[in-house]
Amino acid sequence: MDWNDTQEQATFRTQVRSLLDSKLPQRYVDMGKEVHQRERPWENDRKSEDPEARKAAEDWMAALSGEGWAAPHWPKEYGGGGLKPMEQFILNQELAQAGAPTVGGSGVSLLGPALIVHGTEEQKEKYLPPIMKGEVTWAQGFSEPGAGSDLAGLQTRAVRDGDEYVINGSKIWTSAAHLSDCLFALTRTDPDAPKHRGISFLMIDDIKTPGLSIRPIIDMANGHYFNETFFEDVRTPVSNILGEENRGWYVGMTLLDYERSNIAGAVGSRKELMALINYLGTDDGKYRSHLGKRETGMRAEIADRYIETEVMFQFSFRVISMHNSGQLPNYEASTSKLFNSELNQRLARTGSQMFGLYGALWSEREAGDYVPVSFAGDYVQSVPATIRGGTSEIQRNIIATRGLGLPRG
């Protein structure tokens, strides 16, 4: 691992910072200063009733697309940036540091790369340009009520009927489905095959297709991010299958390879921690915190979190360094995901402990971004961190078997 930018990388970092300085909408500049980072701000703004929010989303998409940075990991021939892994890392690092939102949602980050690898030319021509322009966003329909960690145990059925598949079943934890225009899903097309081999990857290019319904899941922080999705005789053309029938598991795994590698978590955690430290140095922070009563123990805990944010950065840098050298991270990505998930929970707990019952003043949190109550909100929202995107148990199994060579128990 080389922690220093090359001359080429330093030049690219300067270009990214220049774009942020000149074209990041003021709305996102202000959001970037908030302690608590919002979920999918670009997607929310894109569907907002506020014209200024919609314009910010449109302008930021145009600014990034103009450089090819809306989809930095896509090849240039499809409108992407064609960036090298380390350049992608630098771009994501600078965006996270500025609090600037990524754009395009799951269409850019997940479906697009899978389409580029597995899609037909017709599918690429039909679906990639609208994703790239921000005209269409996609939701990911993978997890089910009885198949989350064991994703291959999914039961949503797709039965071929002439030139269409008829889909019945349900999905859960469908992130941002209420903000999306389309949905891609793993479905079971051969119930008699071994569970990893009877799955097909289907695209439903209209979220309002008859029989497809979305119901909100309100989280413990009274937020709406997740959804339940129900399929009742939903029809999609056979031409909307991605890859081969009954080979969708392997398409899905290609897609998830892109989900595991990012630097935003490390940068976000450090920003949150520094906001806490800086606030504690103010008169208001000293007044509202419990630091004076339990100074030694709490200072040590803050120091631990600082070290852990640095460790998280090193895990992220290790993953991208492997990508940059042509290697494919496997258990290393699981290590990064596991550590980041648990760091989110520890950091939120530390921040909320600093302010005791004061942090429970939800009305103040709703009135504006305010450090003491931001961490209490983070604490509530951090509960699913070790579940979503692959549970900590699954990550530990991967580390044990693929990383340490331990036998499957």
Among the residues of region 165-176, is any assigned to a strand (DSSP E or B), of a type in the set (S, T, Y), over 22 Å from V136 (Cβ atoms) and touching a residue at least 40 places away in the same chain (Cβ under 8 Å)? yes
Per-region count, region 1-32, residues buried (at least 16 other Cβ atoms within 10 Å of the Cβ) and hydrophobic (A, V, I, L, M, F, W, C): 6
What are the residue pairs meeting all of these: first residue in region 47-71, first residue closer than 14 Å to G105 by Cβ, second residue β-branched (V, I, T) and in a helix (DSSP H, G or I), Cβ atoms under 7 Å, and 6 or more apart or on different chains? A70/V108; A71/V108
Starting from residues that are acidic (D, E) and touching a residue at least 60 places away in the same chain (Cβ under 8 Å), keep the ones in region 72-124 and report whichever is nearest to I263 (Cα to Cα). E94
Filter pass, Q140 being touching a Phe, Trp or Tyr at 6+ places or on another chain (Cβ under 9 Å) and not in a loop (DSSP other than H, G, I, E, B): yes
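For (1) buried (at least 17 other Cβ atoms within 10 Å of the Cβ); (2) assigned by TED's automatic domain parsing to the domain that holds S149; (3) not in a loop (DSSP other than H, G, I, E, B), each residue gets a yes or a no:
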position	(1), (2), (3)
Y306	no, no, yes
E310	no, no, yes
R318	no, no, yes
L357	no, no, yes
F375	yes, no, yes
Q395	yes, no, yes
R408	no, no, no
Kindly indicate whether V108 is among the β-branched types (V, I, T) and part of a helix (DSSP H, G or I). yes
Determine, yes or no, whether R402 is without any contact (Cβ under 8 Å) to a residue 24 or more places away in the chain, among the charged types (D, E, K, R) and either surrounded by fewer than 18 Cβ atoms within 10 Å (Cβ to Cβ) or in the same structural domain as L280 (by TED's automatic domain parsing) (or both). no
Is there a residue in region 164-173 that is crowded, with 20+ Cβ neighbours inside 10 Å and modelled with pLDDT under 95? yes
Failed condition for W249, given (1) among the aromatic types (F, W, Y); (2) assigned to a helix (DSSP H, G or I); (3) at pLDDT 95 or above, with all others met? (3)
With respect to L95, determine if the residue is farther than 30 Å from V371 by Cβ, surrounded by 16 or more Cβ atoms within 10 Å (Cβ to Cβ) and out of contact with any Asp or Glu (no Cβ under 9 Å at 6 or more places or on another chain). no
Do we have N324 as modelled with pLDDT under 90, under 13 Å from F89 (Cα atoms) and either of a type in the set (K, R) or in contact with a helix residue (DSSP H, G or I) (Cβ under 9 Å, 6 or more places away or on another chain) (or both) here? yes
Considering (1) outside any strand (DSSP E or B); (2) of a type outside the set (D, E); (3) outside the structural domain of G32 (by TED's automatic domain parsing), say which one A158 fails and leave the rest. (1)
Could you go through region 224-238 and let me know if any residue there is polar (S, T, N, Q) and not in a strand (DSSP E or B). no
Tell me which of these G351 doesn't satisfy, since it passes every other one: (1) assigned to a helix (DSSP H, G or I); (2) over 25 Å from G223 (Cβ atoms); (3) in contact (Cβ under 8 Å) with a residue 60 or more places away in the chain. (2)
Name the one entry in H178, H118 that is under 29 Å from P384 (Cα atoms) and surrounded by 16 or more Cβ atoms within 10 Å (Cβ to Cβ). H178
Filter result (assigned to a strand (DSSP E or B) and closer than 30 Å to Y379 by Cα) within region 184-223: I214, R215, P216, I217, I218
Looking at the structure I just gave you, is A185 surrounded by fewer than 22 Cβ atoms within 10 Å (Cβ to Cβ) and under 28 Å from A385 (Cα atoms)? no
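The values are calculated or read from the model by the stated rules, or taken from the named source; none is laboratory data. Note that the structure is predicted; figures quoted are calculated from it, not measured. We place every Cβ from the backbone using ideal geometry, glycine too, and count neighbours over all the protein chains shown.
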